[in-house]
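Down below is the structure, laid out as structure tokens.
The values are calculated or read from the model by the stated rules, or taken from the named source; none is laboratory data. Everything numeric in this text was worked out from a predicted model, so none of it was measured. Neighbour counts are summed over all protein chains in view; Cβ atoms, including those assigned to glycine, are modelled from backbone coordinates with ideal geometry. Heavy atoms of the whole protein, side chains included, go into the accessibility calculation; ligands, DNA and RNA do not. Shrake-Rupley method; radii C 1.70, N 1.55, O 1.52, S 1.80 Å.
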Amino acid sequence: MTPYLRWSNFRRSFQFKLFSIFTLLTFLSTTLLTTLYIVTEIQQKVHTANEQLKLRARLLGDSIRLPLYAENREMLHQLAEQAVDSPMIRTVMICAPDGRVLTDIRPSSESGTAEVISQTVEVHSSSLMNSLESAVISGNNNQAALLGTVRMERARTDLTHALHSMILFSISTAIVFWLTVTLLCYVALRSVTRSFNSLMRGIEAMQSGDLTCRIDVESDDELGRAARAINNLADALHMRGEENLRLQEEQLNLERQMLQAQKLESLGVMAGGIAHDFNNLLQSILGNIELASKKLVSDLSPQKYLSNAMDSARRAALLTSLMLTYVGKGFITRKALNLNELVRGNAEILRAAASTAVPMELNLSADLPAITADEAQIQQLVMNLITNAAESIVDQPGLIRISTGTQSCDQAGLADSLLDEKPEPGRYVFLEVSDNGSGMSAETVGRLFDPFFTTKFTGRGLGMSAVMGIMKTHRGALFVSSQLGKGTTFRALFPDSGSSAPAPVHEPFAPLQEAGAVQEHPLSGVVLVVDDEKSVLRVCEKMVRFCGFTVITACDGLDAVSKFREHADEIDIVVMDLTMPNMDGITAMGEIYCIRPDVKVILSSGFNEDELSERITSKAPSGFIRKPYSMNLLETEIRRVLQGG
């Protein structure tokens, strides 16, 4: 800090104000006392000089009574000359009672213009010869005749010099005294205001926003107690500020999660609606193609084209399943899965996805527990992570590392999962895919799982959304850590099934038998078929009739309950769609169970059976069949339900 700024700050300080007041008061007090002293000394010295001169004149008068009475001028002149032996005596004048000057002694060396002090005393006759002591102390109290007067004058030069010296000494002493008192006042005020200055500096620092600053408590007086109170207030404000920041951060995180959930929910509603309508179309297409193929002889050439059309329709059905996977509603077939064998068995496919230019390293943990998962979806998850890692490696040499293992997770660790629903603490099997590629920024990581978000060319962006959907479906946890220029690591956690991983079984491929090749007893009875889509209703009706049943149709839930109430004793089984207007399949199933609890009900839907089980709170259906389904699958499910399987 420059001297000017230091002086400017000091001039605005409370210490300077107090110092100025004390300095002014001491200056005025010192000046007043010095003035009084000087005036008193001057008066005292002048009075002393007058008294001394008067005493000299009286002594001279006492000594000249006889010569004065005789008017002996010569003797008076001698006595007068003896009286002017002091250099300060300027004039000795002896006069008769009538005013005649008998003698007048004036030293010629003295200037006539110099200031003088004069004293005139009367000389009286006395019958008694008083001593000099009685003349000085008590004077002449007796009545006596006036013999004359004695006038003496003395110069004021020595008195003036003495007064000047006295004044100079007094002023110098006063100045030294004032400076000393001022310095002592400054030191005392500095000591007194140190706590106050510390208090003010702390308040200014807190006012600027630094709530971590603390005031040094140097005393236990009022300022010290005020400093402690302000420190406590600063602590409270600091804690409140941190709490507000934490709450704001939590609010922002909740808003982001809510926005993400709303986006995924909207996408899920859209995907579910599209999948429902598309599955109905595929059900109609597959059903009609299969019914047409049943009408033809198996060795005719049109069978080949119908078979190709059915394969394409089934691939379209897989596409709808994949679309539902993006939003976590895909159809899965859960089974005990050996994650090591899945990765090892698909290593060549994974290396192809990573490209031959990027080496891949497998670190698979021995004795890995089994997980309950869908094999196809886990394979797709690993494939998407490998593809993402390979595309992030720009500079060679690169490396992709796939690791498996187990870990125990608590609630705090699982709270960092990117999924909205956090799993329960416990033991988990992890799959980790890491690379040393370009990495991602925090902004990119925040949008990584948004549908259609990509840092690559247009047309990509669903791979990570599928990963998120698969992890939601399997109720796991997903973590990602990334640094620009250092690479990215994905870690997916799957709940430990509690059993050892199944050993790999290598079985020769065996084609599925056609329904016609299976010798089963013929089916018969009455089936209530319910679907709101007319094309699906017609196809399902024909497929059930082809199986040997008599069919009653209904167009929605209300119609199904009404038809079932009319034919409750005749109907053996109900095949009903899940999603319908007016009354959905679950509500209609409950009404039908109320009419006849032992009836067999098969629900059909394009969604996952696990999601269906979450929606059913009362008696479960006897069977479930996923759209689009074939006639063989429908017949198999009907036989299983009728046989009580």
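Below is a table of values for the structure above.
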item	result
Per-pair calculated FRET efficiency, R0 = 30 Å: Glu243 and Tyr186 via Cβ, rounded to 0.05	0.10
Highest to lowest packing among 579-591, 404-416, scored as the average C-beta count within 10 Å	579-591, 404-416
Within the stretch 559-598: Cβ-based charge dipole about Cα centre, in debye rounded to nearest 20 (Lys, Arg +1; Asp, Glu -1)	100
Distance violations [Cα-Cα > 26 Å] among Lys294/Lys627; Lys472/Lys542; Lys295/Lys627; Lys472/Lys534	Lys472/Lys542; Lys472/Lys534
Solvent-accessible area per residue for the stretch 533-585 (1.4 angstrom probe, square angstrom)	44
